[in-house]
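The next block holds one structure in the form of structure tokens; read it before the comments.
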């Protein structure tokens with residue numbers, strides 16, 4: 001008698017299960033057989049969106065971009081224009097390009113030396129210029 005009980009398969013309890021005919025549908029199992037009742041499967045909720053922290057606010061000037069401008073476009077004072085320093089930008093442009101224009105006269109060499117000194121000072125002070133442009137004095 002105990003062998004007969006062990007040989008009888010246990011059927012799952014009544015409930016919603018994945019349909020054996022269609023994996024995208026749940027069907028109702030009444031405990032002994034499938035019924036005609038079905039419902040589409042609901043996807044499991046995804047992970048919540050991750051919060052991304054950005055260090056620079058929109059419109060905030062960054063030191064890296066300022067250094068790129070001074071190293072790649074320093075002769076055009078692009079770093080000064082980027083940081084909103086229009087007066088020093090125009091002054092540097094006049095000194096640098098005026099120096100090149102006047103090298104034949106002799107005074108141009110002195111102007112170029114002054115422009116190189118100004119350029120080195122800008123390289124050393126770029127961080128302070130960025131902070132001032134962002135209002136963090």
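What follows draws every value from the coordinates through simple rules; no lab data is involved. These numbers were taken from a predicted model, which means no experiment stands behind them. Glycine gets a Cβ as well: all are built from the backbone with ideal geometry, and neighbour counts include every protein chain shown.
General remarks:
- Among the candidates 103, 63, residue that is touching a residue at least 40 places away in the same chain (Cβ under 8 Å) and touching a helix residue (DSSP H, G or I) at 6+ places or on another chain (Cβ under 8 Å): 63
- Helices (runs of 4 or more DSSP H) contained in region 43-120 and holding at least 1 residues out of contact with any strand residue (DSSP E or B) (no Cβ under 9 Å at 6 or more places or on another chain) and surrounded by fewer than 13 Cβ atoms within 10 Å (Cβ to Cβ): 63-73, 86-101
- Hits in region 11-42 - residues which are in a strand (DSSP E or B) and surrounded by 12 or more Cβ atoms within 10 Å (Cβ to Cβ): 16, 17, 18, 25, 26, 27, 28, 29, 34, 38
- If you go through region 83-100 and keep only what is on the phi < 0 side of the Ramachandran plot and touching a residue at least 40 places away in the same chain (Cβ under 8 Å), you end up with 83, 85.
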